[in-house]
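**Q** Structure incoming, see below.
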Amino acid sequence: MMKRILTRYPRNWPYLNLKWILICLAIYYTIDLFALGFAWFFQVPIPAELRQALQQPQSWMLKGFLVFMGLVRVFAPHPDGKTKYRNWLKTTPWHPGMPLPLGPITLNFYDLVLLAVTGFMFTKLGMHAELAVLLFGVAYTIAVMLKLLSTGPARIDYLLSLGLLVMFWALPDVRVAALIVVAMYPIEYWAVRHSLKSFPWEPQVPKHVVPLGWTFERLGPEPVKVRVPFFDAVIVSLLFGGSVYVTLSKSFADARRTTEVFLVLAGFFAALIRFGVYCGGSSNPLGLRARIATGRLIIPRFDQVLVAPLLLAALLATALVVWIQRPVEPIEAGTFAALIVFLLFGMGPSLRRFRLTGAYNISQLSSRASRQRLSAQTTSE
Amino acid sequence: MIEVVHVTHHYGIRPVLKDISLQADRGEILALMGPNGMGKSTLLAVIAGALWPVIGRVKIDGKWRRATPEDELAIRRQVVYLPAEPWLPKDRTGREWLLAVGRLYSIPETRLMDHVPRLLSLFDLEGKGDEPIATYSTGQRKKIALAGAIVTEAPVMLLDEPFAGGLDPSGILALKRIFQKHREDRDATVIMATPVPELVEDIADRIAIIHNGELIACDTLAGLQRMTGKAGPLAEVYESLVNMGASSKIEQYFGGSQ
């Protein structure tokens, strides 16, 4: 019976599983009880130091609980990611506009109650009540963003990321930050409703989930599975640059050296990744010796893939020269970060275009053929 | 139709193909022949788009290879390439792999479900079809790779040494019949590289002979017979074209042992 109560009631609130709320309250008040027990046992008033020390875990527990609930509010009732639930729902007369059997993904009155109670508990700990809205809201937003990635409309995530960035910019003013999170909710509400309209989000199952072997992987009609459109590359690079700028603007001067190291490493690895992704398995049609021998020093349809890594290297070298002389400025760091991401994802040619029209040899084959040829020559000699 | 236009290819600074031009028509079986290491596999890989020729181009069905993404994709939908040593996903079963390859080429599911068991049966792989490819013998791996090429139903098949790699006589027979059937019923073009004349003599419409990276002949068996003045089987004609010293070397070898 107790199990039933803990997992089912209130009936229209199953997504905010009562069990978790009770567990949270139990832990919270156990800490208070400990303090009361201490006072009763030693027949002394609770020392201020002890009260303060006990409030620390209580506040962390409340914060953790709100983040957890923010995530659970989306993940628990969402049919995406729960194959059995989704498949079952497909067989029912459910359609967008009807309540979801496991509860709504959008927020309602019960969430307000939860936020009011936890907000009150924060005030008892001497903190802002708005912290509850902020923590719950950020977690909820992140969960919605993750779900939108698979159910669409995924590009709303850019708007929400921008919102989170502005929210972060507003910190440490908890009230303004909470207000921004609240202002973002109508976008999330619309996006969730919109995504439900495209239920059951037939997964874009790749035509093959079985590895196909190199000839089919590289020469089949689907040469590249992952594509980053130019628009997305630009937006992602701007958002990344913006977050670096905001982070650095908010941090103290001593964080600048750390940021420099982070950016230099990021630039270095971005160049390496870009080169590896394009040239991994695709080798130069003519090596340096052959280029010199044949006089074809540049092969534009292959060498184009070296442009982005070389630009990244040049950017890195410039940044190092400047930053050795003085610490990085937030605007510089943001621009540098945006350029790294843009050069990594946005600079042409796209991987698909290169794989389909570039002048390269598939390494696996050329190395095998070279080996074969070498062995044939060795044998004939 | 496949057109190879003045293709030259190097490995490093060593030329492997020297100004090769040839064409294969629809519904034609063309055998690329030549001694080991003379450029057959390289030419096939160039036609398949796995290698980029240093000079020259390849045209398939009126579209240049790697000219535009759309043209290249259109070509890829028409072409299947099977190298001599294909990489197969060893942890998957043969049936799974065949289905995945068929889906990659957008073969309707119902046709795949009908075709795959027939292919497995044709190559005597019914018992192994649901076992991981890792458990297959060398010959069975060759068979499943060939079945993978066939299941695509691609009208252009580029096969590097399809009869090698441990294929048993029943497999060879099955493969020959499939090539003939594809040519007759579907107007398919098959280009295969092989160093063994006996294996292609009865099925190839034309034989292209590559020696030291150069195309020294490309004709029907009758045409090659006229060219060489030999009336015998392909092996004899081929021998006179590429291995002119082979008989004397054999004589020399046995003479030296006495």
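The values are calculated or read from the model by the stated rules, or taken from the named source; none is laboratory data. As the structure is a prediction and not an experimental result, all values here were calculated from the model. Quick reminder, even Gly has a Cβ in these numbers, built from the backbone with ideal geometry, and neighbours come from all protein chains shown.
**Q** Being assigned to a helix (DSSP H, G or I) and within 14 Å of another protein chain (Cβ to nearest Cβ) is true for just one of A:R352, A:R296. Which residue is that? Let's see the steps before the verdict.
**A** Details: A:R296 fails: assigned to a helix (DSSP H, G or I).
The unique qualifying residue is A:R352.
**Q** Here's a follow-up. Has segment B:186-193 got at least one residue that is under 20 Å from B:L82 (Cα atoms) and either surrounded by fewer than 19 Cβ atoms within 10 Å (Cβ to Cβ) or among the basic types (K, R) (or both)?
**A** Yes, segment B:186-193 contains at least one residue that is under 20 Å from B:L82 (Cα atoms) and either surrounded by fewer than 19 Cβ atoms within 10 Å (Cβ to Cβ) or among the basic types (K, R) (or both).
**Q** Does A:A337 fit the bill of being modelled with pLDDT of 90 or more, exposed (fewer than 13 other Cβ atoms within 10 Å of the Cβ) and not polar (S, T, N, Q)?
**A** No: the conditions fail for A:A337.
**Q** Among the residues of segment A:80-124, how many are of a type in the set (A, V, I, L, M), under 16 Å from A:K197 (Cα atoms) and in a helix (DSSP H, G or I)?
**A** Of the residues in segment A:80-124, 1 are of a type in the set (A, V, I, L, M), under 16 Å from A:K197 (Cα atoms) and in a helix (DSSP H, G or I).
**Q** Looking at A:L286, is it free of Cβ contacts under 8 Å to residues at least 24 places away in the same chain and either crowded, with 17+ Cβ neighbours inside 10 Å or not in a helix (DSSP H, G or I) (or both)? So that I can check it myself, show each step before the final result.
**A** Working: free of Cβ contacts under 8 Å to residues at least 24 places away in the same chain: yes; either crowded, with 17+ Cβ neighbours inside 10 Å or not in a helix (DSSP H, G or I) (or both): yes.
Criteria met by A:L286.
**Q** Listed residues A:K225, A:K250; which is loosely packed, with under 14 Cβ neighbours inside 10 Å, at pLDDT below 85, out of contact with any Gly (no Cβ under 7 Å at 6 or more places or on another chain) and outside the structural domain of A:F342 (by TED's automatic domain parsing)? Lay out the reasoning, then the answer.
**A** Working: A:K250 fails: outside the structural domain of A:F342 (by TED's automatic domain parsing).
On inspection, the qualifying residue turns out to be A:K225.
**Q** Right, something else. Please go through segment B:39-83 and give me each residue that is part of a helix (DSSP H, G or I), over 21 Å from B:A208 (Cα atoms) and either within 7 Å of chain A (Cβ to nearest Cβ) or among the β-branched types (V, I, T) (or both), ordered by number.
**A** Passing the criteria: B:P69, B:E72, B:L73, B:I75, B:R76, B:R77.
**Q** So B:P86 clears everything in (1) in a helix (DSSP H, G or I); (2) touching a residue at least 12 places away in the same chain (Cβ under 8 Å); (3) not basic (K, R) except one condition, right? Which one?
**A** Here B:P86 meets the rest and fails (1).
**Q** Also, quick follow-up: Exactly one condition in (1) more than 14 Å from chain B (Cβ to nearest Cβ); (2) modelled with pLDDT under 85 is not met by A:F168; state its number.
**A** Unmet for A:F168, out of (1) more than 14 Å from chain B (Cβ to nearest Cβ); (2) modelled with pLDDT under 85: (2).
**Q** Of the conditions (1) modelled with pLDDT of 90 or more; (2) assigned to a helix (DSSP H, G or I); (3) exposed (fewer than 15 other Cβ atoms within 10 Å of the Cβ), B:D130 fails just one. Which one is it?
**A** (2) is the only condition that B:D130 fails.
**Q** Residues B:A174, B:A147: which one is under 18 Å from B:L88 (Cβ atoms) and of a type in the set (G, A, S)?
**A** Answer to the check: B:A147.
**Q** Can you give me the number of residues within segment A:171-216 that are away from every other protein chain (no Cβ under 14 Å) and either assigned to a helix (DSSP H, G or I) or at pLDDT 95 or above (or both)?
**A** Result for segment A:171-216: 24.
Let's see how each residue does on (1) touching a residue at least 12 places away in the same chain (Cβ under 8 Å); (2) within 14 Å of another protein chain (Cβ to nearest Cβ); (3) not in a loop (DSSP other than H, G, I, E, B):
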position	(1), (2), (3)
A:R218	yes, yes, yes
A:E222	yes, yes, no
A:R227	yes, yes, no
A:F231	no, no, yes
A:L239	yes, no, yes
A:G242	yes, no, yes
A:R257	yes, no, yes
A:V261	no, no, yes
A:A266	yes, no, yes
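**Q** Take segment B:90-126 and flag every residue that is buried (at least 20 other Cβ atoms within 10 Å of the Cβ), facing chain A (nearest Cβ under 9 Å) and under 17 Å from A:L219 (Cβ atoms).
**A** B:W97, B:A100, B:V101, B:R103, B:L104, B:Y105
**Q** Name the residues in segment B:160-182 that are buried (at least 19 other Cβ atoms within 10 Å of the Cβ), of a type outside the set (A, V, I, L, M, F, W, C) and modelled with pLDDT of 85 or more, would you?
**A** Residues satisfying the conditions are B:D160, B:E161, B:P162, B:H182.
**Q** Considering only segment B:201-218, I want to know if a residue exists there that is within 24 Å of B:D114 (Cα to Cα) and in contact with an Asp or Glu (Cβ under 7 Å, 6 or more places away or on another chain).
**A** No: segment B:201-218 contains no residue that is within 24 Å of B:D114 (Cα to Cα) and in contact with an Asp or Glu (Cβ under 7 Å, 6 or more places away or on another chain).
**Q** Right, here's the next one. Pull up segment B:1-24, narrow it to residues that are within 15 Å of B:V58 (Cβ to Cβ) and of a type in the set (D, E, K, R), then point me to the one that is surrounded by the fewest Cβ atoms within 10 Å (Cβ to Cβ).
**A** Checked segment B:1-24; the qualifying residue surrounded by the fewest Cβ atoms within 10 Å (Cβ to Cβ) is B:D19.
**Q** Going by what's in this entry, would B:P169 be described as farther than 25 Å from B:M38 by Cα and out of contact with any strand residue (DSSP E or B) (no Cβ under 8 Å at 6 or more places or on another chain)?
**A** When the stated conditions are applied, B:P169 passes them.
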